[in-house]
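The values are calculated or read from the model by the stated rules, or taken from the named source; none is laboratory data. Given the structure is predicted, the values throughout are model-derived calculations rather than measurements. When we count neighbours, we look across all protein chains shown, and the Cβ atoms used for this are built from the backbone with ideal geometry, even at glycine. Protein only, heavy atoms only, side chains kept; ligands, DNA and RNA dropped before computing areas. Shrake-Rupley method; radii C 1.70, N 1.55, O 1.52, S 1.80 Å.
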Amino acid sequence: MASTIERGAPPNALGSNMSLKKALSAASPLSLRIVAECPVTKARACDLILPHAAVSTPVFMPVGTQGTLKGITVDQLEGLGCQICLGNTYHLGMRPGPDLIEKASGLHGFMNWKKNLLTDSGGFQMVSLVELSEVTEDGVKFKSPYDGKEILLSPEKSISIQNSLGSDIMMQLDDVVSSTVTGPRVEEAMHRSIRWLDRCIAANKNPDRQNLFAIIQGGLNAELRKKCLEEMTQRDVPGFAIGGLSGGEEKDDFWRMVTLSTDHLPREKPRYLMGVGYAVDLVVCVALGCDMFDCVFPTRTARFGSALVPWGSLQVKHKQYAKDLQPIDPDCHCPTCRRHSRAYLHALFKNDTAAMHHITIHNISYQLTLMRSVRQSIVEKRFPEFIQAFMKRMFPSPDQYPSWAVDALTSVNIKLE
Amino acid sequence: MAGSKMKLELSRVVQGKGRLGVLKGLGRTGQHSLKIPGCLLYTHFGSVPHLTQDTLHTMRDLPSVTQVTLSTIAEHQEVLEEFKDGFRKFAGLHDTVLYCSLHDPATSCPTGHTTNKTVSVWGSGGRIELTAAKFMALQRTIQPDWYQSMADGETWLSDTSRKRVRKSVDRTLAHLDECLLVHKNSQEFEGAEILGVVEGGDILEERLRSARETAKRPVGGFCLDGFQAGSMDQALRTQLINAVTKELPEDKPRLLQGVGQPDEVLACVGAGVDLFEAFFPFQVTERGCALCFSFDISPDPERAGSAPSTVLELEQERDAPVEAQQNGDNMVDGQTQMTSFEMNLKDKRYQDDFRPLVEGCGCYCCRNHKRAYLHHLLVTNELLAGVLLMIHNTAHYQGFFSALREALATDKLDLLQRRVLSKGDRPGGKSE
C-alpha cells in the first residue's frame, strides 16, 4: 500500500524555459513513500526522498551544530549509515556567516557532507542561549554575543540564512515559548508562529531544492495545538514538525501533545518530533506516528564518557570498568566495539580526546542501529513484539517501566507485559 | 640473551650526511621492517592523538613502529597484568611493532626525583617511582618489541653540574645492567630488544664514556637522550651526536629523543641519527597550525605539481612565527612556539581561503577540506580541528622523511636542505 506524494515547485514560479521547468520539477525536493504501516500502533516506515539521498524512516538525525559532528569526520558519519544530520542556523549564521558558506557552495560544500542536511530556524537557540532577546511581531531581537550589536532575526532573515546554507530541509522561524509557560503568551506564540510560517513560505528563494517544514506550536494546551494543526495543515508545506515540547514538561503532557499532533497531521507528509533522542522516547514516539527525530544528547553525553547500550548507559570513566575487558556492548558492531575494550577506553579517557570520539561513534551507531531495527520490525509487521523486547531489555523489571510510556503505548493498543 | 631477528641493512652511508637503510626482521615474529632515516608513530597510550583507527588509517605508509610511553602506562599495570596479552593487544593495535619509551617527548618531566636506585615517571594520577625491578615487571606486562632501558636523563637543564652529569651516566649504565640481567633470564622477553641509553649532557667526555660503555653491552640499539629542545643549541648538539655515533657500532639503530623540527632532523641525520620520535606534528596540531614546509626535490617542476608529496606555493603561506595559543596542557616551554615550518590557521587571512592546507597533499584533510573550514573549526574550538590537523601534520611529516630518504639515495640532500629552510620566493613554485 505504498503511496507517493511528489512535491515540486509550482510551475509558474519558474522561468519561461520549458525544459528547465521540466528538469526542476523532475528533481522535486521531497517525496515520501510509505513502505509499511504498523497494523497495531500508529508507527510507519517510509522512504523519504530528499535532494541529497533517500532517508529511511523512522530516522534519528545527529546534530552537527557548527558544521561538524564533534570530533567525527564526514566519512566516519557516512560510514555509520547516517543519511541526514543537522546544522544550527544560529551558530552558523554567526560564524562563519551565511556569505562565506554561500561562497563554499552551501553548508554541504563547506563541511563536505554529501548526504542531507536539516537546519533549524535559529529561533530556539536565540531564546535559550541569548539572554537579551525580545520577541516582537517583526522577529526575535537579540544582541550579538560577539560584537554586542543588536540583530533582528525575522522569518525572512532566518529563511535567507537557511537559503544560503542550502539545507535540504529548512525549519520555519517559530515563536518559541517554554513548554512550562501557560496563559495568553502561549496562544499569542501559536498565532504568531502561523503568521511567521506564511512569511517564511513567501521568503523561500529555493522551493525547488529546499524544503520548508512548518512547526506545530500550542504549548501543552490541546485546543491551541488543534487550532495550530488546523491552520498549518492548510498550508502547502512539504513536512511538519512538532515543536514546543522536550522542554522540561511532564512526560504525561508530552506524549499526549505528540499523539494529538500525529492524529491531525496528513498521512502523506513526514512528521518530525524536535529535540527527542532518548531511546525509550524514540520507540514510544515512533509508535505514536513520528518519523524523524533529533537530539544533542547521544553525542553530548558521549563526550562525558557515557555510552548508550540496550540496557541504558554505561559510564566508561567509572572505576568499575578499569579492568573490564569486554567491549562496551558485546552485540554492537560499531568500529569502537569491534576493536576496543571498556578497560582500554577507560584508560584512554585519561590520556587523549580520541576517547570521546570512540564513544561518540558508538553512540551515533547505537541511535542509528536502534532506528534501523525499529524500521525493520515495522516492515516485518512485528513492531509490537519489538517494543516488548526493547522495554524488557531496557528496564530491570516491568515495575520500573515509566508510567507515561505505559500509558502512551496503551493508547496505541500495546499492553506492556 | 633472547634471540632477535632484527637486522640493520645499510644501503648507503654518506659521511656527514647520513645513513640510509632498512631495519629488517622487526617485531617478535620478525615480519616488519622500517626504513631509516625514519620516525616512529607517536601516541598517547597507544592512540595517535585525536585519532581513532579509522581516521589514522586514512594514511598509507604509516611507520611500522608505534611508540608508547611508560609514564602513561605505569598506572595501568594491574589491568595489564590481568589481561596477560600485552599492551599492543590491549590497545587494539594489531599490525605494528611496539616500542616503549620512558617519558613522553612532548611533556616536560619535573626534576629532582631521581635517586641512585630509582627513576620517576608522571602519569595522570601523579608520580610513580620505579626501581629497575619494578621497571622490568612493567615491561613484562607491556610486552613491547623494543624498549628503552631505564635511565637517569636529568641533565637537560642548562645549569647541570659536571658531577651530576657523571652520576647520570653511571646510574644509567647500572640500570642497563640490571635490566639486561632480567631481560636475558626471562622467557617473556624472547625476541624483544632493549635500547641502551646514551647520556652525558653537554659534556663531550661523558658522552663518549656513556656511548662506549653502552656499546659494550648486548643492546639492540641506542637511545640518545638529553638532546631535547631547550637543552642545547643545534651546533653543540650536532657536534656531540657526531662524536657519540662514531663510538657506536654501525649495525645498530640510533634513536634520538626529543628532537623533531625538520631543520634539526636534517642536522642530526647528518650526525649519524637513524630514528626520531614523531611528537613534532602533534605539537604543531596543538597550537592550531598546519605543517606546510617544502620538501620537494623532484627535478622537474612540471612533474612536481602532480606528485602527491609535493608542496607548491608554500612560501607565501608561511607565517612569521608568533606565540601561538596552547591547547595542550603539558608542554615544555619553548616547544609551544610556532616555527617557520607551519601556518597558523587561526589567522584571519584563512577565513575565506578555499584551498587545501597544502596544494597537492594527498592526506584525508587536504583531499576533503579547505583552509576556511579548518579556520572555522579552530575559532569555534571544534574537536574536529585537532583530528584533521593531526592527520595532515602526520602525513606531511611522513612525506618529509620519505623525501629525506630519497635525497640520501639520490645525492640531493643539499637541495632538500635548501627547500626545507627556504624562505621567501622559491623558483619553480607556482602561486595558485
Any idea which of A:P330, A:H318, A:I364 is furthest toward the positive side of the dipole for segment A:302-381, if Lys and Arg beta-carbons carry +1 and Asp and Glu beta-carbons -1?
A:H318
Per residue, how much accessible area does the protein assembly as shown show when a 1.4 Å probe rolls over the protein heavy atoms, in square angstrom?
38 Å²
Between their Cα atoms, which of A:K149/B:K370; B:K35/B:K246; B:K167/B:K252; A:K114/B:K370 are more than 23 Å away from each other?
A:K149/B:K370; B:K167/B:K252
Keeping the other protein chains in place, figure out the carbon and sulfur percent of the accessible area of chain B, with a 1.4 Å probe.
47 percent
Amide H proximity to B:L41 below 5 Å, modelled H, separation 5+ or other chain, gives B:V65, B:T66, B:Q67
Residue by residue through segment B:206-223, the couplings from Karplus 6.51 cos²θ - 1.76 cosθ + 1.60 with θ = phi - 60°, in Hz, x for Gly and Pro, are 5, 4, 5, 4, 4, 5, 4, 5, 5, 5, 6, 8, x, 9, x, x, 10, 9
Considering Cα pairs under 8 angstrom that are at least six residues apart, work out the relative contact order of segment B:179-279 and quote it in whole percent.
25 percent
A:R382 and A:V35 label points (each 7 Å along its Cα→Cβ direction) are spaced in nm at 1.6 nm
If you average the alpha carbon positions of segment A:210-251 and of segment A:356-392, how far apart do those two centres end up, in angstrom?
26 Å
In whole Hz, with x marking every Gly and Pro, tabulate ³J(HN,Hα) for segment B:150-162 from phi via Karplus 6.51 cos²θ - 1.76 cosθ + 1.60, θ = phi - 60°.
4, 8, 9, x, 7, 10, 7, 6, 5, 9, 5, 7, 4
Charges only on Cβ, +1 for Lys and Arg, -1 for Asp and Glu: so what's the dipole of chain B about the Cα centre, in debye to the nearest 20?
880 debye
Whichever lysines have a C-alpha closer than 16 Å to that of A:K143, once near sequence neighbours (fewer than 8 apart) are set aside:
A:K157
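Do you know the relative contact order of chain A, to the nearest whole percent, from alpha carbon pairs under 8 angstrom that are 6+ apart?
Normalised by residue count, the contact order of chain A is 16 percent.
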Summed side-chain charge close to A:L100 - residues other than A:L100 whose Cβ falls under 15 Å, Lys, Arg +1, Asp, Glu -1:
+3
For segment B:362-373, Karplus couplings with θ = phi - 60° (6.51, -1.76, 1.60), whole Hz, Gly/Pro x
x, 6, 4, 4, 6, 6, 10, 9, 10, 4, 4, 5
Using alpha carbon centers only, segment A:165-200 is separated from segment B:234-299 by a whole-angstrom value of 61 Å
Given A:139-147, B:283-291, A:227-235, A:301-309, the highest-first ranking by average Cβ count within 10 Å works out to B:283-291, A:301-309, A:227-235, A:139-147
How many percent of DSSP beta bridges within chain B run antiparallel, rounded to 5?
50 percent
For peptide B:374-385, compute the average count of partner chain beta-carbon atoms within 10 Å of each residue's beta-carbon.
5
Return the long-range amide H neighbours of B:E193 (sequence gap of 5 or more, or a different chain), with a cut-off of under 5 Å between placed amide H atoms.
B:W146, B:Y147
Debye, to nearest 20: dipole size of the protein assembly as shown, +1 on Lys, Arg Cβ, -1 on Asp, Glu Cβ:
1300 debye
Once amide H atoms are built 1.01 Å from N in the peptide plane, which residues 5 or more positions from A:V55, or in another chain, come under 5 Å H to H?
A:L48, A:I49, A:L50
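How do A:T65, A:T410, A:T360 stack up against each other in accessible area, from largest to smallest, with a 1.4 angstrom probe?
A:T410, A:T65, A:T360
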Name the residue from B:L56, B:T66, B:G123 whose Cα lies farthest towards the positive end of the charge dipole of segment B:7-277, charges +1 on Cβ of Lys and Arg and -1 on Cβ of Asp and Glu.
B:T66
So which lysines pass the test for A:K350, namely a Cα distance under 16 Å, with those fewer than 8 places away in the same chain ruled out?
A:K317, A:K319, A:K323
Put +1 on the Cβ of each Lys and Arg and -1 on the Cβ of each Asp and Glu in the protein assembly as shown; which of B:Q351, A:M171, B:Q257 then has its Cα farthest toward the positive end of the dipole?
B:Q257
Taking each residue in B:70-77, count the Cβ atoms of any other chain within 10 Å of its Cβ, then average. What number comes out?
2
Please report Rg (one decimal) and Dmax (integer) in Å for the Cα set of segment A:258-404.
16.8, 53
Rounded to the nearest 10 Å², the accessible area of B:V182 at probe 1.4 Å:
40 Å²
Net charge near A:R271, counting Lys/Arg +1 and Asp/Glu -1 over other residues with Cβ under 14 Å of its Cβ?
0
Sort B:170-181, A:320-331 by packing, meaning the average of other beta carbons within 10 Å per residue, with the highest value first.
B:170-181, A:320-331
What are the principal axis extents of the Cα atoms in the protein assembly as shown, in Å, biggest first?
91, 65, 47
Helix-only CD estimate at 222 nm, as mean residue ellipticity for the protein assembly as shown, using -39500 (n - 2.57) per DSSP H run (n ≥ 4)
-11500 deg cm²/dmol
Occluded residues from segment A:347-375, i.e. those whose accessible area drops by 20 Å² or more once the chain is not alone (1.4 Å probe):
A:A347, A:L348, A:K350, A:N351, A:D352, A:T353, A:A354, A:H357, A:H358
What does the average come to when, for each residue of peptide A:68-78, you count the partner chain Cβ atoms lying within 10 Å of its Cβ?
5
Counting only C-alpha contacts under 8 Å and six or more residues apart, can you give the relative contact order of chain B as a whole percent?
16 percent
Could you state how much accessible area is buried at the A-B interface, both sides summed, with a 1.4 Å probe, in Å² to the nearest 100?
3400 Å²
Quick one: grab the alpha carbon gyration tensor of segment B:7-277, order the square roots of its eigenvalues as a ≥ b ≥ c, and give me rounded if a/c is under 1.5, else prolate or oblate depending on whether a/b is larger than b/c.
rounded
Is there a quick way to get the dipole size of segment A:21-102? I mean about its Cα centre, with the Cβ of Lys and Arg at +1 and of Asp and Glu at -1; what is the value in debye to the nearest 20?
260 debye
